[in-house]
Each structure stands twice: as C-alpha cells, then as structure tokens.
1. Are any residues in segment 38-88 aliphatic (A, V, I, L, M), within 21 Å of Thr3 (Cα to Cα) and touching a residue at least 60 places away in the same chain (Cβ under 8 Å), and if so, which ones?
2. For segment 90-102, enumerate the residues that are touching a helix residue (DSSP H, G or I) at 6+ places or on another chain (Cβ under 9 Å) and assigned to a loop (DSSP other than H, G, I, E, B).
3. Mind counting the residues in segment 70-89 that are in a helix (DSSP H, G or I) and surrounded by fewer than 16 Cβ atoms within 10 Å (Cβ to Cβ)?
4. Is it the case, given these coordinates, that Leu123 is in contact with a Gly (Cβ under 9 Å, 6 or more places away or on another chain) and farther than 26 Å from Arg226 by Cβ?
5. Condition first: at pLDDT below 95, part of a strand (DSSP E or B), basic (Lys, Arg) and in contact with a strand residue (DSSP E or B) (Cβ under 9 Å, 6 or more places away or on another chain). Can you find one or more residues in segment 190-198 that meet it?
6. For residues in segment 142-170 being touching a Leu at 6+ places or on another chain (Cβ under 9 Å) and surrounded by fewer than 19 Cβ atoms within 10 Å (Cβ to Cβ), which is farthest from Pro126 (Cα to Cα)?
7. Would you mind finding the one in Gly221, Gly179, Gly164, Gly199 that is within 23 Å of Glu135 (Cα to Cα) and without any contact (Cβ under 8 Å) to a residue 24 or more places away in the chain?
Amino acid sequence: MGTRIRYHEDTVSIEENGWLLCELPRLPGPTHSVWDVLACAVKLFAPGSRMAMLGFAGGGMVGAMRAIGCEQEVAAVDLWTEGFDIFREVAADWSGAVHFHAEDAVAWMRRQRMLFDVIVEDLSVPRDGDVVKPEASWIDLPSLMRRKVKKSGVVITNLLPTPGISWENLVSAARVGPGVVVEFESYYNRVLIQGHGVGQARSSGNRLRKMMRLMGSDLAGGIRVRSLQDSDWPR
C-alpha cells in the first residue's frame, strides 16, 4: 500500500500501510491521537529547551506542542525527507525552531556532544504490510538515550506492537529510568515517559489528563497510566 498523504480542511494526515503516521494540524492544536500524549509529556516533564525528536514523519506532534506553549528548539531526525517538506509547507508560520536532519537516528545520536533536556523516540518502519518499531528502538537507542539526556531530563518513547518481540520485552528493552507507561483505549501504542521528575502513575496520569483537556484533545478520557516497576527492567 505504501505511503499516502491526505489533505483535509484542518489537517494533513500521512498514512503508511493503513496506519496513521502523522496528523499535522494546519494551525497549532490537538491531533486527537497518540501525539497529544507525547506533547503533553513534554510540557509537563521536560525541564529545558534542548529537544531531540527521533522519527519526525510530518511533525504533527509539533503542532500539539506549540498549542500548549512548548517552546523547545527541536532537532528532528528522520530518513524520510518528504514529511518535513509537507511540514514546512503547512507549518512555516507557526512551527518555531525546528531543524531537520535527514539521517539515521542512531548515527546522529552518537555524534551529539551536548546533553538533551528531552528526547522523543517515535521511530517506525514498514514491514509486511504493517508498521512496527525498528530493531534500533530496543537494541541501540535505549542505552544511547540514557547517556545523551540530562539527569533532570525526560525520555519519551512511542512503542508499537512488533512481531518477534512481546510487549513485556519491548517495554523492558526500552527502559532508561523511572517513569510510567501510558496505554490507550483506541490505539495499540504504548508510551513510556521516563525521568526522575515524572513521578508515580496517579499524579502523572492526572496531570496528563488535565493538560490534554486544556489542549482540547478528544483522547483525554481514553488513557490508562501505570508506574513502571523493577520487573520492567531488562533481565
């Protein structure tokens, strides 16, 4: 099926093999999808302005971020350049500082010398008519991100069901620190939010829902949050 770009009145959507890769609002606002959680996590838990976004697609998360006052300077990394071209066409007037790097995420991350306040890992690859996580997401990147984020920073990972690795093992392999996992009623994704300032599920979940309601996201009532446990660490 491949990549399909759909232009709507208020949004531009990018699909891969029938999966939604990006919902880019034409003006800053909610996506009503998983990226609203990622954006709210940045707003609530990211302490500073230096941000890496590994996996950009069409940059829909940026629209959600800017809608709630996130002013981070974004270093966006993706091998697919067409998505950034669409983003620049739609969002140039309001996107803020977004610098695009057409590069492999692992190679780019290894070269970085300055630590980040927040790293968002949102990589995906097409496989057998589906969209899954690349092996780098559980083999190379977790240890790299742990080294490249500030002690006060946060790592946010968008996980997808991936053949050959169970949810338990995928969550375990993506661990970089304390935090929570967000599950959805209407999506298969799970989002890990990890950092010393994230706190436990009850408080962080309440804060996420409140921020999503302020954003106007339809997803605010459709998430479940649990704390990551010691058993979630790789064995």
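The values are calculated or read from the model by the stated rules, or taken from the named source; none is laboratory data. None of these values were measured; they are calculated from a predicted model. Quick reminder, even Gly has a Cβ in these numbers, built from the backbone with ideal geometry, and neighbours come from all protein chains shown.
1. Our first condition is that a residue be aliphatic (A, V, I, L, M); within segment 38-88, this holds for 38-39, 41-42, 44, 46, 51-54, 57, 61-62, 64-65, 67-68, 74-77, 79, 86.
After this cut, where a residue has to be within 21 Å of Thr3 (Cα to Cα) as well, the list is 53-54, 57, 61-62, 76-77, 79, 86.
Scanning segment 38-88 gives Met53, Leu54, Ala57, Met61, Ile86.
2. First, pick out the residues of segment 90-102 that are touching a helix residue (DSSP H, G or I) at 6+ places or on another chain (Cβ under 9 Å): 90-91, 94-96, 98, 100-102.
Selection gives Trp94, Ser95, Gly96, Ala102.
3. Let us first name the residues in segment 70-89 that are in a helix (DSSP H, G or I), namely 82-89.
Cutting the leftovers down to surrounded by fewer than 16 Cβ atoms within 10 Å (Cβ to Cβ) gives us 82, 85, 88-89.
Summing the residues that are in a helix (DSSP H, G or I) and surrounded by fewer than 16 Cβ atoms within 10 Å (Cβ to Cβ) in segment 70-89 gives 4.
4. Working: in contact with a Gly (Cβ under 9 Å, 6 or more places away or on another chain): yes; farther than 26 Å from Arg226 by Cβ: no.
No.
5. no
6. Among those residues, the one meeting the criterion is Lys151.
7. Working: Gly221 fails: within 23 Å of Glu135 (Cα to Cα); Gly179 fails: without any contact (Cβ under 8 Å) to a residue 24 or more places away in the chain; Gly199 fails: within 23 Å of Glu135 (Cα to Cα).
That would be Gly164, the only listed residue that is within 23 Å of Glu135 (Cα to Cα) and without any contact (Cβ under 8 Å) to a residue 24 or more places away in the chain.
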